[in-house]
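Working notes, structure below.
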Amino acid sequence: MNELSLADVVGQPVHGSGRRSRRNQEKRRKKRRRRTWVTFLLTLVVIGGAVGGAWVGLRPLIAAMNKPSDYPGPGTGSVEVKVPDGATGAAIGDLLQEKGVVLTVKGFVTAYKANPRSATIQPGTYAMKKEMTSTQAVEALLTASSKLVNRVTLKEGVRVADIPKLVAAGSKIPIADLQAVLKSPGALGLPAEAKNDPEGWLFPATYDIEPGMTATELLSAMVRRTVQELDAAGVPAASRHDVIVLASLIQAEAGMAEDFPKVSRVLHNRLAKKRKLELDTTVHYATKKFTVFTSEKDTKIASPYNTYIVPGLPVGAIGNPGKAAIQAAQAPSEGSWMYFVAVNPDTGQTKYATTEAEFAKIKAEYEVWQKANPGK
């Protein structure tokens with residue numbers, strides 16, 4: 001009998017189980033390869049997404065790095081820029097960028113810091129061009145001709161009645177506006193001791209009048225300046241009125257600044273001895289005249305400003321005194337003089353006397369000048 005093989009018994013090839021094992025292994029390898037490719041592809045997608053996202057995030061930064069910080073210049077057109085008091089370089093840069101003068105604040109600040117004179121830029125309104133380089137913008141702010149101002153100078157001793165005409169002639173402020181404000185000066189910030197009278201409280205100086213400045217703003221600035229000068233001279237509030245009045249008399253009577261303290265001494269001496277001041281300038285103020293000659297009739301005019309009649313100081317100032325007159329009112333020279341006479345009004349030469357006899361002599365010198373200059 002023939003022997004049966006294992007294959008005959010089970011009806012399968014002897015090596016069939018090995019082939020199945022190999023097929024299974026191949027399937028597993030294919031699955032692993034598919035998983036590897038999928039993982040690889042997913043990784044690429046993730047990396048690509050990350051790179052793409054990073055590019056999206058970096059693109060504006062790169063663009064910003066490449067963006068210019070300045071215009072090429074030299075600029076076109078014209079625009080007004082108002083620089084406020086105390087503005088920093090960055091604050092000025094903000095204003096210029098807003099007006100289209102410079103491209104970026106950063107560019108202007110860099111140019112501002114590079115110029116050692118930048119700290120001297122003054123507040124005010126400037127005529128600038130649009131699309132300037134930052135360096136040009138800094139230079140424009142440092143150039144006086146760029147500043148849009150009208151300049152008005154008021155001389156020491158000027159009267160309130162004459163200020164509107166003088167200011168209007170040198171600015172765009174209407175004379176009617178100035179007159180209206182001075183007629184009702186409540187908005188000027190006059191101190192209580194001024195008694196609502198602006199005479200003497202509008203400090204004579206040079207003023208820059210910005211575009212759009214009003215009559216009230218300008219005249220208020222003059223009042224503030226007077227108060228500052230009084231404070232600087234150490235004048236207490238209770239004495240301000242008398243000092244302003246006395247300074248206005250000194251300003252009107254003294255021909256030259258070196259005479260201010262001497263004239264002040266004469267006035268102080270007469271007030272201390274309760275002697276009438278007998279000043280022609282107060283009579284001229286009462287009669288609204290500008291002259292040297294005073295008639296006997298003028299000395300008898302009824303007015304609280306007529307110091308030939310009214311004892312002590314007049315009721316108010318007769319003009320707006322400057323710094324030197326205010327200082328002289330506070331610090332008169334040493335001396336016993338009771339009289340002074342401008343013996344030559346053309347040159348301002350003034351002489352002083354203690355006695356009436358001395359006074360008669362220097363008065364005679366004046367009369368010689370007066371005869372040679374009739375009508376003055």
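The values are calculated or read from the model by the stated rules, or taken from the named source; none is laboratory data. Here the structure is a predicted model, which means the values were calculated and not measured. Glycine also receives a Cβ, built like all others from the backbone with ideal geometry; neighbour counts cover every protein chain displayed.
Report, by residue number, each residue of the range 83-100 that is out of contact with any Leu (no Cβ under 8 Å at 6 or more places or on another chain) and either modelled with pLDDT under 95 or assigned to a loop (DSSP other than H, G, I, E, B) (or both). Can you show your working first?
Our first condition is that a residue be out of contact with any Leu (no Cβ under 8 Å at 6 or more places or on another chain); within the range 83-100, this holds for 84-86, 88-91, 93-96, 98-100.
Residues satisfying the conditions are 84, 85, 86, 88, 99, 100.
Quick check on residue 151: is it of a type in the set (Lys, Arg) and under 30 Å from residue 96 (Cβ atoms)?
In short, yes.
Go through (1) assigned by TED's automatic domain parsing to the domain that holds residue 324; (2) free of Cβ contacts under 8 Å to residues at least 24 places away in the same chain and name the single condition residue 225 misses.
Every listed condition holds for residue 225 apart from (1).
With the structure loaded, tell me whether residue 241 is part of a helix (DSSP H, G or I) and more than 23 Å from residue 343 (Cβ to Cβ) or whether it fails that test.
Numbers: part of a helix (DSSP H, G or I): yes; more than 23 Å from residue 343 (Cβ to Cβ): yes.
Answer is yes for this residue.
So in the range 282-303, with the set limited to residues that are touching a residue at least 12 places away in the same chain (Cβ under 8 Å) and not in a helix (DSSP H, G or I), which one is surrounded by the fewest Cβ atoms within 10 Å (Cβ to Cβ)?
Selected residue: 288.
Of (1) at pLDDT 95 or above; (2) part of a loop (DSSP other than H, G, I, E, B), residue 357 satisfies all except one. Which?
Only one criterion in (1) at pLDDT 95 or above; (2) part of a loop (DSSP other than H, G, I, E, B) is unmet by residue 357, namely (2).
Can you tell me which of (1) of a type in the set (Lys, Arg); (2) over 30 Å from residue 68 (Cα atoms); (3) in contact (Cβ under 8 Å) with a residue 24 or more places away in the chain is the one residue 130 doesn't meet?
It is condition (2) that residue 130 fails.
Would you be able to tell me the number of residues in the range 318-376 that are of a type in the set (Val, Ile, Thr) and either outside the structural domain of residue 250 (by TED's automatic domain parsing) or closer than 23 Å to residue 236 by Cα (or both)?
Step one: filter the range 318-376 for residues of a type in the set (Val, Ile, Thr), giving 318, 326, 341, 343, 347, 350, 354-355, 362, 368.
Imposing the further condition that a residue be either outside the structural domain of residue 250 (by TED's automatic domain parsing) or closer than 23 Å to residue 236 by Cα (or both) reduces the set to 318, 326.
Residues meeting the conditions: 2.
State which residue pairs qualify: first residue touching a residue at least 12 places away in the same chain (Cβ under 8 Å) and under 20 Å from residue 265 (Cβ atoms) and inside the range 353-368, second residue of a type in the set (Gly, Ala, Ser) and exposed (fewer than 12 other Cβ atoms within 10 Å of the Cβ) in any location, beta carbons under 8 Å apart, and separation of 6 or more residues or different chains.
Matching pairs, first to second residue: 354/336.
So that you can scan it fast, the table gives a plain yes or no per residue for (1) surrounded by 19 or more Cβ atoms within 10 Å (Cβ to Cβ); (2) of a type in the set (Lys, Arg); (3) assigned by TED's automatic domain parsing to the domain that holds residue 120:
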{"residue": "71", "(1), (2), (3)": "yes, no, no"}
{"residue": "84", "(1), (2), (3)": "no, no, yes"}
{"residue": "90", "(1), (2), (3)": "no, no, yes"}
{"residue": "96", "(1), (2), (3)": "yes, no, yes"}
{"residue": "99", "(1), (2), (3)": "no, yes, yes"}
{"residue": "102", "(1), (2), (3)": "yes, no, yes"}
{"residue": "105", "(1), (2), (3)": "yes, no, yes"}
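Mind checking which pairs have a first residue in the range 149-171 that is outside the structural domain of residue 289 (by TED's automatic domain parsing) and assigned to a helix (DSSP H, G or I) and a second that is crowded, with 19+ Cβ neighbours inside 10 Å and of a type in the set (Ser, Thr, Tyr), Cβ under 9 Å, 6 or more apart or different chains?
What qualifies is 167/207.
Can you pull out every residue in the range 192-226 that is touching a strand residue (DSSP E or B) at 6+ places or on another chain (Cβ under 8 Å) and part of a helix (DSSP H, G or I)?
Those that are touching a strand residue (DSSP E or B) at 6+ places or on another chain (Cβ under 8 Å) and part of a helix (DSSP H, G or I): 218, 221, 222.
Return the total of residues in the range 143-174 being of a type in the set (A, V, I, L, M, F, W, C) and surrounded by fewer than 16 Cβ atoms within 10 Å (Cβ to Cβ). It would help to see each step written out before you state the result.
Filtering the range 143-174 for residues of a type in the set (A, V, I, L, M, F, W, C) gives 144, 148-149, 152, 154, 158, 160-161, 163, 166-169, 173.
Now narrow it down to the ones that are surrounded by fewer than 16 Cβ atoms within 10 Å (Cβ to Cβ): 144, 161, 169.
Counting residues in the range 143-174 that are of a type in the set (A, V, I, L, M, F, W, C) and surrounded by fewer than 16 Cβ atoms within 10 Å (Cβ to Cβ) gives 3.
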